[in-house]
1. Using all Cα-Cα distances in the range 241-280, what percent lands in each 5 angstrom bin from 0 up to the longest?
2. For a quick size check, give me the Cα extents of the range 220-288 along its three principal axes, largest first, whole Å.
3. Assuming R0 = 41 Å, what is the FRET efficiency of GLN205 and THR98, from their Cβ-Cβ distance, to the nearest 0.05?
4. How large are Rg and Dmax for the chain when only the alpha carbon atoms are used, in Å?
5. Relative contact order for the range 22-287 using alpha-carbon pairs under 8 Å, separation at least 6, rounded to a whole percent?
6. Calculate one ³J(HN,Hα) per residue across the range 29-41 by plugging θ = phi - 60° into the Karplus curve 6.51 cos²θ - 1.76 cosθ + 1.60, and present them in order as whole Hz with x for glycine and proline.
7. Grab the beta carbon distance between ASP36 and GLN180, set R0 = 30 Å, and tell me the FRET efficiency rounded to 0.05.
8. Quick one, can you get me the convex hull of the C-alpha atoms of the range 1-93 expressed as volume per residue in Å³?
Amino acid sequence: MIQSSELILNPDGSIYHLHLRPEHLATTILTVGDPDRVQAVSKHFDRLEYSFNKREFVTHTGYIGNKRLSVISTGIGPDNIDIVFNEIDALFNIDLETRTPKSSLTSLQFIRIGTSGALQPDIAVDSLLLSSYAIGWDNLFSFYEVPHSEEVKDLEKALATAIPDLPAPGTLFKAPGDLQKQFGPAFLRGITLTCPGFYGPQGRQLRLRSRLRADHFSKMQTIRLNGERITNMEMETAAIYGMAGLLGHQALSCNAILANRPNGQFSGDPSKTVELMITEVLSVLVDS
């Protein structure tokens with residue numbers, strides 16, 4: 001039995017941070033960083049079934065036609081992904097009354113709808129990109145036992161050899177499952193770099209200097225890992241892929257490219273690009 005200090009429930013039986021019970025979530029879950037983006041997704045629902053708000057975690061569950069979907073805001077960063085994915089998995093795969101894991105486990109589908117900056121000069125601002133792999137520069141998975149495949153170990157070694165003086169070595173994850181196959185050529189593909197911050201960890205400099213230099217980014221542009229190149233950077237994908245993979249779920253990160261870092265460009269209408277990504281993703285999920 002899992003102790004009450006480890007699996008914390010609220011007085012109404014809901015899970016601690018998300019304030020949800022099992023019936024409140026669909027098995028297809030869209031994650032967004034920004035709480036305001038939840039409504040930008042759920043406005044496309046034909047019918048809203050549940051709506052909850054706790055801390056930065058906003059959850060809407062509803063239907064498009066016969067397809068039941070949930071959208072939940074994670075907040076920004078890998079630490080919040082650790083909370084959201086553990087608690088969602090617990091809702092489906094732990095009996096909250098007996099506090100024991102269920103004998104029959106439910107595999108979920110997670111689709112991240114997020115924003116990102118391109119690292120390759122030829123990736124246009126306002127394009128859409130799927131993360132085939134993700135490299136995590138955070139320390140989340142130093143606290144979990146991660147059984148990496150030989151393929152992933154080889155790719156990590158290739159990255160460390162190509163750029164031996166990176167501030168962090170990087171933990172690489174492949175998108176768990178085959179959700180990527182459902183998406184057509186409207187989406188680019190590539191390797192996403194997940195950073196534990198927006199400024200220094202992504203090489204931005206305001207008043208503080210970053211340890212990431214221009215030559216780091218130049219080297220990243222030339223690296224090929226299993227035929228894929230490092231295309232973009234953001235703050236959640238590697239954590240999502242790692243947690244989903246360890247827990248037996250499928251996951252895919254869909255990125256709206258709002259900035260091109262090598263070219264110094266930012267989208268002239270970011271809300272339009274995010275809306276395009278939302279409608280494209282929902283169209284794929286409803287038709288699948």
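No lab work stands behind these numbers, since they all come straight from the coordinates. Please read all numbers here as calculations on a predicted model, not as lab measurements. Note that we place each Cβ from the backbone using ideal geometry, even for glycine, and neighbour counts take in every protein chain shown.
1. In whole percents, the pair-distance histogram is 5, 20, 17, 15, 14, 14, 10, 4.
2. The Cα atoms of the range 220-288 stretch 39, 32, 21 Å along the principal axes, largest first.
3. E(calc), rounded to 0.05, equals 0.20.
4. Rg then Dmax for the chain, in Å: 18.8, 55.
5. Computed value for the range 22-287: 25 percent relative contact order.
6. 10, 8, 10, 10, x, 7, x, 5, 6, 4, 5, 5, 7
7. Efficiency for this residue pair is about 0.65.
8. So the per-residue Cα hull volume is 93 Å³.
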